[in-house]
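**Student:** Can you keep this structure in mind? I'll have questions shortly.
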Amino acid sequence: MERVLLKTVDKPNVVIVIFGATGDLSKRKLFPSIYRLYQNGKIGEDFAVVGLARRPWTNDIFREKVCESINESQAHNEDDLESFAAHFYYQSFDVTDNSSYTHLDGLLDQLEGQYQTNGNRVFYLAMAPEYFGTIANQLEQNGLKESAGWTRLVIEKPFGHDLASAKELNNQIRLAFNEDQIYRIDHYLGKEMVQNIEVIRFANGIFEHLWNNRFISNIQVTSSEKLGVEERARYYDRSGATRDMVQNHMLQMVALLAMEPPIKLTPDEIRSEKVKVLRALRLVEPTEVENYFVRGQYGPGRLGKGYREEAPELKDSTTETYVAGKVMIDNYRWAGVPFYIRTGKKMKEKSIKIVVEFRDIPMNLYYKDESERHPNLLVINIQPDEGITLHLNAKKAGVGSIAQPIELSYTNNGVDGINTPEAYEKLIYDCIIGDTTNFTHWDEVAYSWKFVDAVLDAWSETEPLFPNYTAGSMGPEAADRLLEKDGFHWWPVTD
Ligand SMILES: NC(=O)C1=CN([C@@H]2O[C@H](COP(=O)(O)OP(=O)(O)OC[C@H]3O[C@@H](n4cnc5c(N)ncnc54)[C@H](OP(=O)(O)O)[C@@H]3O)[C@@H](O)[C@H]2O)C=CC1
Ligand SMILES: O=C1O[C@H](COP(=O)(O)O)[C@@H](O)[C@H](O)[C@H]1O
């Protein structure tokens, strides 16, 4: 099957307008990613980047900041960097002020002539979500969408706080932009091994034929972080791990693992299969929440302070920094198979890993201890290692018919081992060539909110007993019991 792109161009000509260009995301992810596109020849010389934020910076200060961010994050060539930075322009801008947009319109006209960008514009909203509706509306009202080329709007997460606010936000944005112009970023969808899930499943007969409830006993998806809340207490405390990670990244991975093969590799066909999975998620009943989900918050431990000590305003916080859940998909393929997910801050290791556990053989003939079990596992390593490992059993050399567990491994040599910038690099490129496959459609966002809202609503009825895991551990004990009662256990995420 051939991947069909909406538009395929070698070196697209474009002006990228970044709202929030003085912020953390721009510095840590966007500038380095655009630089990598330039370095790798994915964009040529016919591009410009306009940075917008309130600070009274000049083009020179902005270019210095861009160079600093690249200096800090990756290998580069000084001459290359200077010519790259010359494509960056800054405008001091208040998103709530009408006149800022008029000025921007003039700047875009000038740059489009200078760089021959054919009127192609990406508006990247790297700002707090409360401004998304206003910006979309102002772009429409001030005619900034009306150019000779295409215009696309990239929106960062979080997309709403719950289903109701997400709907409201979506309605506001849709007044100004069509669905096919909206690119909702989920950076996990830009990770190499997340993109590989589809290929591992659908390009291998040995997996796809077994990929169902007859042969798979459970699937475990872990995204653990060593980092704590860092400088983002204000955002994170209103969000918590469920909104920050489960509503988007974790459920997207579940959808890719569970979807039916698409009839074609087009964005619409893939999305339609993912939506079917998200629609089939079993909503957790309020009285059942304890049987399906576990929440946690880190206290002091091997990795330092507890969450409540990270900032004065977190002193009495009941926000969860950890979630584990048993997700059931009520469809023909997956009936009865739990998808266990877990994610948390200040855990033992940084690891994103998927373990597919196949049903065990009915009798153990080859291990001395009859209770010993070594089910076949397919492990998809997403970060920091990238690759897959298949756990099998084979005969121990020279000792009769005794088996031992063995592993077949494939390591995907990442370009330089840094995963997230690469994910942003891919997604920015996809956006400028018009490939929406790895962006989330409104339907996916809505079904995901519906699922997590049920859990969050049930939790809001009771006060959690926090903290309940130590910084540097693998999370609360209750998360182990979640699997034990089904006869399973978490497979380790480290060797
Ligand atoms: N940082 C990260 O790692 C991630 C961030 N995100 C999302 O990306 C978005 C941005 O996050 P982040 O960069 O961390 O946020 P920051 O708080 O670091 O940056 C916010 C930006 O908005 C600008 N700004 C604020 N108010 C206005 C205004 N009225 N007019 C114009 N500009 C304004 C600020 O600049 P100034 O003060 O100069 O106006 C600044 O450039 C958020 O939606 C966040 O959830 C998503 C994933 C990861
Ligand atoms: O979206 C987010 O993701 C990061 C984790 O991303 P990763 O690529 O390092 O796994 C998380 O730290 C952050 O809280 C969240 O907003």
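**Student:** Among the residues of the stretch 100-139, what is the count of those that are of a type in the set (S, T, N, Q) and within 13 Å of ligand 1 (Cβ to nearest atom)?
**Tutor:** Here is the first cut: in the stretch 100-139, the residues of a type in the set (S, T, N, Q) are 100, 102, 110, 114, 116-118, 120, 134, 137-138.
Narrowing further to those that are within 13 Å of ligand 1 (Cβ to nearest atom): 100, 134, 138.
The total comes to 3.
**Student:** Can you name the number of the only condition in (1) surrounded by 20 or more Cβ atoms within 10 Å (Cβ to Cβ); (2) modelled with pLDDT under 95; (3) of a type in the set (A, V, I, L, M) that M347 fails?
**Tutor:** The failed condition is (2).
**Student:** Take D316 and tell me if it is among the acidic types (D, E), within 19 Å of the chain's Cα centre (by Cα) and open to solvent by 70 Å² or more (accessible area, probe 1.4 Å). Steps first, answer last, please.
**Tutor:** Working: among the acidic types (D, E): yes; within 19 Å of the chain's Cα centre (by Cα): no; open to solvent by 70 Å² or more (accessible area, probe 1.4 Å): yes.
The answer is no for D316.
**Student:** Could you list, in sequence order, all residues of the stretch 240-251 that are at negative phi and either open to solvent by less than 10 Å² (accessible area, probe 1.4 Å) or in contact with a Lys or Arg (Cβ under 6 Å, 6 or more places away or on another chain) (or both)?
**Tutor:** So in the stretch 240-251, the residues at negative phi come out as 241-251.
If the condition is that a residue be at negative phi and either open to solvent by less than 10 Å² (accessible area, probe 1.4 Å) or in contact with a Lys or Arg (Cβ under 6 Å, 6 or more places away or on another chain) (or both), then A241, T242, D244, V246, N248, H249, M250, L251 are the ones that fit.
**Student:** Which residues, counting only those in the stretch 17-70, are open to solvent by 10 Å² or more (accessible area, probe 1.4 Å), under 21 Å from S99 (Cα atoms) and of a type in the set (V, I, T)?
**Tutor:** T22, T58
**Student:** Further, regarding this structure: If you go through the stretch 456-479, how many residues are surrounded by fewer than 16 Cβ atoms within 10 Å (Cβ to Cβ) and not hydrophobic (A, V, I, L, M, F, W, C)?
**Tutor:** Residues meeting the conditions: 7.
**Student:** Another question, then. Can Y447 be described as in contact (Cβ under 8 Å) with a residue 24 or more places away in the chain and open to solvent by 40 Å² or more (accessible area, probe 1.4 Å)? Spell out the reasoning first.
**Tutor:** Working: in contact (Cβ under 8 Å) with a residue 24 or more places away in the chain: yes; open to solvent by 40 Å² or more (accessible area, probe 1.4 Å): yes.
Spelling it out, Y447 is indeed in contact (Cβ under 8 Å) with a residue 24 or more places away in the chain and open to solvent by 40 Å² or more (accessible area, probe 1.4 Å).
**Student:** Of D237, D268, which residue is away from ligand 2 (no atom under 16 Å from the Cβ), of a type in the set (D, E) and open to solvent by 10 Å² or more (accessible area, probe 1.4 Å)? Outline the logic, then answer.
**Tutor:** Details: D237 fails: away from ligand 2 (no atom under 16 Å from the Cβ).
Sole residue among the options that is away from ligand 2 (no atom under 16 Å from the Cβ), of a type in the set (D, E) and open to solvent by 10 Å² or more (accessible area, probe 1.4 Å): D268.
**Student:** Still on this structure, please answer the following. May I ask you to say which residue of K426, K395 is open to solvent by 20 Å² or more (accessible area, probe 1.4 Å) and within 16 Å of ligand 1 (Cβ to nearest atom)?
**Tutor:** Working: K395 fails: within 16 Å of ligand 1 (Cβ to nearest atom).
K426 is the lone residue from the list that is open to solvent by 20 Å² or more (accessible area, probe 1.4 Å) and within 16 Å of ligand 1 (Cβ to nearest atom).
**Student:** So, restricting to strands (runs of 3 or more DSSP E) that lie completely within the stretch 87-202, which ones have at least 1 residues that are surrounded by 16 or more Cβ atoms within 10 Å (Cβ to Cβ), among the charged types (D, E, K, R) and more than 16 Å from ligand 2 (Cβ to nearest atom)?
**Tutor:** Working: elements: 88-92, 121-125, 151-155, 182-185.
Once the strands (runs of 3 or more DSSP E) in the stretch 87-202 are filtered for at least 1 residues that are surrounded by 16 or more Cβ atoms within 10 Å (Cβ to Cβ), among the charged types (D, E, K, R) and more than 16 Å from ligand 2 (Cβ to nearest atom), what remains is 121-125, 151-155.
**Student:** Would you be able to say whether some residue in the stretch 477-495 is more than 16 Å from ligand 2 (Cβ to nearest atom) and β-branched (V, I, T)? Show your work before the answer.
**Tutor:** The first filter runs over the stretch 477-495 and keeps only residues more than 16 Å from ligand 2 (Cβ to nearest atom), leaving 477-492, 495.
From what is left, the residues that are β-branched (V, I, T) are none.
No, because not a single residue in the stretch 477-495 is more than 16 Å from ligand 2 (Cβ to nearest atom) and β-branched (V, I, T).
The values are calculated or read from the model by the stated rules, or taken from the named source; none is laboratory data. Quantities reported herein were computed from a predicted structural model and do not represent experimental measurements. Counting neighbours? That spans all protein chains shown, and the Cβs are built from the backbone with ideal geometry, glycine included. Each accessible area value is taken on the protein alone, full model and side chains, heavy atoms only, with ligands, DNA and RNA left out. Shrake-Rupley method; radii C 1.70, N 1.55, O 1.52, S 1.80 Å.
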